[in-house]
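Since the structure comes first, as structure tokens, the remarks are kept for the end.
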Amino acid sequence: MTLARSEQIDLNATPYYHVMNRCVRRSFLCGFDELTQKDYSHRKAWIVDRLKYLANIFAIKICAYAIMSNHYHVVLYVEDKVAENWSEEEIIHRWSAIFPNDAKENKHLKKKVQLWKERLTSISWFMRCLNEKIARNVNKEDDTAGRFWEGRFKSQALLDEGALLSAMVYVDLNPVRAGIAETPEASEFTSIYERIQHISKQLKVNKPKSIKQLKREKADIYNNLAQPKSLVPFSNISKDHSHAIDFKLIDYLELVDYTGRVIRDDKEAGSIPEYLAPILTRLQFNPPSWISLVKNLGKSFAHAVGSEILLLNFGKEGRKGLKGITQAKKSYIADHVA
């Protein structure tokens with residue numbers, strides 16, 4: 001059952017959302033199309049650049065992203081409280097950066113400012129400004145008209161810390177799961193690739209380090225490294241950011257590395273490495289169910305991801321058709337409440 005967008009996105013429930021959109025007919029319109037033998041890979045950079053541009057304007061930040069050949073995934077964080085402190089001038093400046101004609105000689109500017117402020121915290125408007133711009137650029141390049149995107153974007157509310165981290169890992173490992181890249185550090189047009197590149201440059205190495213190599217560095221080195229300004233940082237660094245994910249960067253890298261190797265080799269999880277068990281326990285996950293959760297995040301859950309009780313609470317207030325209770329029971333530690 002399809003939920004109205006207003007019911008899918010509820011900032012009172014969570015500020016974190018996993019969103020996804022596909023090209024029309026699932027065609028390879030952002031990569032190499034075997035049917036036409038045309039390469040559209042340069043369009044992936046268009047999407048990344050547009051995402052970052054909009055994140056600088058909206059009160060919406062990027063936690064993770066993956067741009068694939070015929071679809072993309074993004075994990076977003078809505079900073080609605082930050083927008084509360086914006087002045088009228090700042091709101092007008094931000095909105096005009098996207099719609100420059102809206103503020104010109106507008107007799108009802110005062111009334112419009114509040115509307116623009118609301119839209120600048122809206123994921124629906126963020127996605128609209130992303131998709132419409134990319135579609136126009138594609139149609140111009142192809143000298144054609146018509147739809148580029150398959151339809152409305154899909155969204156999942158990420159109801160707890162475990163849901164957020166599992167969605168980020170799921171997104172960052174999209175190229176590995178698709179067999180396009182062997183490792184996260186080779187997965188171009190993803191946030192994990194950007195994070196590793198950023199670290200490697202600061203360590204002044206000629207070639208970006210693998211996660212395996214990064215793990216050999218002293219743990220405290222990560223406390224002195226800047227993280228990409230275009231991405232929501234992990235908690236060991238919070239400079240220049242109004243918000244940080246309450247998780248260590250090195251722990252996230254290790255989680256992505258292990259999960260990616262298991263998925264790439266198409267093996268069962270088996271015994272979880274000793275160093276990962278505390279991480280998964282902290283996230284309130286049953287370690288043996290972790291791989292299954294990441295592999296099936298898009299299939300096992302629909303409009304929300306989280307523990308059983310949080311899913312049930314999210315399903316109240318008229319939200320029907322929620323999915324994922326069975327997977328949540330398997331994945332989360334039984335006494336997890338929130």
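The values are calculated or read from the model by the stated rules, or taken from the named source; none is laboratory data. Just so it is clear, the model here is predicted, and its values are computed rather than measured. Neighbour counts are summed over all protein chains in view; Cβ atoms, including those assigned to glycine, are modelled from backbone coordinates with ideal geometry. These area figures cover heavy atoms from the full protein model, side chains too; ligands, DNA and RNA do not enter into them. Shrake-Rupley method; radii C 1.70, N 1.55, O 1.52, S 1.80 Å.
Across the range 123-134, not a single residue is classified as part of a strand (DSSP E or B), among the basic types (Lys, Arg), under 25 Å from TYR193 (Cα atoms) and not assigned by the TED database to the domain that holds TYR193. Look at (1) of a type outside the set (S, T, N, Q); (2) modelled with pLDDT of 90 or more; (3) open to solvent by less than 40 Å² (accessible area, probe 1.4 Å) and you find that ILE199 fails only one, number (2).
Here is a yes/no grid of residues against (1) among the basic types (Lys, Arg); (2) at pLDDT 95 or above; (3) surrounded by 15 or more Cβ atoms within 10 Å (Cβ to Cβ):
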{"residue": "TYR65", "(1), (2), (3)": "no, yes, yes"}
{"residue": "VAL75", "(1), (2), (3)": "no, yes, yes"}
{"residue": "SER96", "(1), (2), (3)": "no, no, yes"}
{"residue": "ASP102", "(1), (2), (3)": "no, no, no"}
{"residue": "GLN114", "(1), (2), (3)": "no, no, no"}
{"residue": "ASP143", "(1), (2), (3)": "no, no, no"}
{"residue": "PHE148", "(1), (2), (3)": "no, no, yes"}
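A search for C-beta distances below 7 Å between a residue of the range 22-51 that is of a type outside the set (Val, Ile, Thr) and any residue that is part of a strand (DSSP E or B) and modelled with pLDDT of 90 or more, counting only pairs 6+ apart in sequence or on different chains, returns ARG22/HIS71; CYS23/HIS71; CYS30/ILE67; LYS44/ILE67; LEU51/ILE62; LEU51/TYR65; LEU51/VAL74. Selection over the range 207-255 of residues that are at pLDDT 70 or above and small (Gly, Ala, Ser) gives a count of 5.
This table checks each residue for (1) more than 19 Å from VAL75 (Cβ to Cβ); (2) in a loop (DSSP other than H, G, I, E, B); (3) among the polar types (S, T, N, Q); (4) at pLDDT below 85.
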residue: LYS299; (1), (2), (3), (4): no, no, no, no
residue: ILE309; (1), (2), (3), (4): yes, no, no, no
residue: ARG319; (1), (2), (3), (4): yes, yes, no, yes
residue: LEU322; (1), (2), (3), (4): yes, yes, no, yes
residue: THR326; (1), (2), (3), (4): yes, no, yes, no
residue: HIS336; (1), (2), (3), (4): yes, yes, no, yes
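Return a yes/no flag: does the range 88-107 have any residue that is β-branched (Val, Ile, Thr) and closer than 25 Å to ASP246 by Cβ. No - not one qualifying residue is present in the range 88-107.
For the subset of the range 291-308 comprising residues that are without any contact (Cβ under 8 Å) to a residue 60 or more places away in the chain and either more than 20 Å from VAL19 (Cα to Cα) or in contact with a Ser or Thr (Cβ under 9 Å, 6 or more places away or on another chain) (or both), which member is least open to solvent (accessible area, probe 1.4 Å)? Step by step, filter the range 291-308, then rank; the result is ILE291. Candidates are the residues of the range 264-288 that are assigned to a helix (DSSP H, G or I) and crowded, with 18+ Cβ neighbours inside 10 Å; the one that is modelled with the lowest pLDDT is PRO287. Are any of the residues in the range 130-140 in contact with a helix residue (DSSP H, G or I) (Cβ under 6 Å, 6 or more places away or on another chain), open to solvent by less than 10 Å² (accessible area, probe 1.4 Å) and either of a type in the set (S, T, N, Q) or within 23 Å of ALA304 (Cα to Cα) (or both)? For the range 130-140, residues in contact with a helix residue (DSSP H, G or I) (Cβ under 6 Å, 6 or more places away or on another chain), open to solvent by less than 10 Å² (accessible area, probe 1.4 Å) and either of a type in the set (S, T, N, Q) or within 23 Å of ALA304 (Cα to Cα) (or both): present.
Of the set (1) assigned to a helix (DSSP H, G or I); (2) over 17 Å from the mean Cα position of the chain (by Cα); (3) more than 24 Å from LYS104 (Cα to Cα), all apply to CYS30 but (1). With respect to (1) under 30 Å from ARG261 (Cα atoms); (2) touching a residue at least 24 places away in the same chain (Cβ under 8 Å), the lone exception for ALA186 is condition (2). Evaluated against (1) at pLDDT 95 or above; (2) part of a loop (DSSP other than H, G, I, E, B); (3) not hydrophobic (A, V, I, L, M, F, W, C); (4) not assigned by the TED database to the domain that holds ILE67, TYR170 falls short on exactly one condition, (2).
When the range 174-194 is filtered for residues that are basic (Lys, Arg) and in contact with an Asp or Glu (Cβ under 9 Å, 6 or more places away or on another chain), nothing remains. Of the residues making up the range 34-53, just one is open to solvent by less than 20 Å² (accessible area, probe 1.4 Å) and among the charged types (D, E, K, R), namely ARG43. Considering every residue within the range 141-152, establish whether at least one is farther than 30 Å from TRP290 by Cβ and part of a helix (DSSP H, G or I). Yes, because at least one residue in the range 141-152 is farther than 30 Å from TRP290 by Cβ and part of a helix (DSSP H, G or I).
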